[in-house]
Amino acid sequence: MAGHWKSDSGAVCPDGLQEVSINLDVAARVVAILQNAGVDAELLPEFAEELSGYKADAFLSIHTDSCEAPGVSGFKVARVIGSAIPEKEDRLVSCLIREYGDATGLTFHANTITFDMKGYHAFNEIDPQTPGAILELGFMDADRSLLTDSSYQLAQAVARGIACFLEGE
């Protein structure tokens, strides 16, 4: 899922850079990479009707952190609080952290994971047996050049994280 797509702009930097633009660019590339590898992947908007009871081998919502933390760099990955399948979701989160961190060089920013991430609305809409996670790709201030100039690299890293999970690594 591309966070904020077909809903709102998400975070907006003073110069007009919108979170939704980054999210959609990376998410669309992730879907294309996975489809080229033979994975049944689809791109959903933020509040898709399809989310109700959505069943899949994995669900990922892609977001970007705001410009409101000058100089802060890193990424975040979280799953729902009170998961029905915590072992599976923890493995999905671990795969994403490892593959994304290794590929981007960004630090996993665990100390800024918010309750809103762990209580993300889509987690309460998808089927409870569908492993889900939310990924914040980086901070729109300090990580801006990576987020805006390297979307294919980011998408490859995310796709590798999903493949790691699907392949049971």
*Rounded to the nearest 10 Å², what accessible area does Ile162 show when all protein chains are kept and the probe is 1.4 Å?*
20
*List the cysteines in the chain whose Cβ has no other cysteine Cβ under 4.7 Å from it.*
none
*In square angstrom, rounded to the nearest 10, how much accessible surface does Thr104 have for a 1.4 Å probe?*
20
_1.4 Å probe accessible area per residue over region 9-143, in Å²_ = 46
*Roughly what % antiparallel, to the nearest 5, for the DSSP beta bridges in region 8-145?*
35
*region 36-49 - phi-based ³J(HN,Hα) in whole Hz, Karplus 6.51/-1.76/1.60, Gly and Pro as x*: 5, 8, x, 8, 6, 10, 9, 9, 10, x, 3, 10, 6, 4
*asked:* For region 44-87, report the % of Cα-Cα distances exceeding 12 Å.
replied: 75
*Near Lys55, which lysines are there with a Cα under 19 Å away, not counting those fewer than 8 places off in the same chain?*
Lys88
*Of the heavy-atom accessible surface of region 91-169 (probe 1.4 angstrom), what whole percent is carbon and sulfur?*
47
*Roughly to the nearest percent, how much of the accessible area of region 12-62 is carbon and sulfur, given a 1.4 Å probe?*
46
*So which trypsin sites (Lys or Arg not before Pro) in region 21-125 pass both tests, a DSSP loop state and at most 15 other Cβ atoms within 10 Å of the Cβ?*
Lys55
*Each residue of region 92-107 in turn: what ³J(HN,Hα) in whole Hz from Karplus with 6.51, -1.76, 1.60 and θ = phi - 60°, glycine and Pro shown as x?*
4, 4, 4, 4, 5, 4, 5, 5, 5, x, 4, 6, 9, x, 6, 8
_What are the ³J(HN,Hα) couplings of region 18-25, residue after residue, when phi is run through the Karplus curve with 6.51, -1.76, 1.60 and θ = phi - 60°? Round to Hz, x for glycine and proline._
10, 3, 4, 5, 5, 4, 5, 4
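The values are calculated or read from the model by the stated rules, or taken from the named source; none is laboratory data. Nothing here was measured: the structure is a model prediction, and the numbers come from that model. Note: ideal-geometry Cβ built from the backbone for every residue, glycine included; neighbour counts use all protein chains shown. For the accessible areas, the whole protein counts, side chains as well, though only heavy atoms, and no ligand, DNA or RNA atoms are used. Shrake-Rupley method; radii C 1.70, N 1.55, O 1.52, S 1.80 Å.
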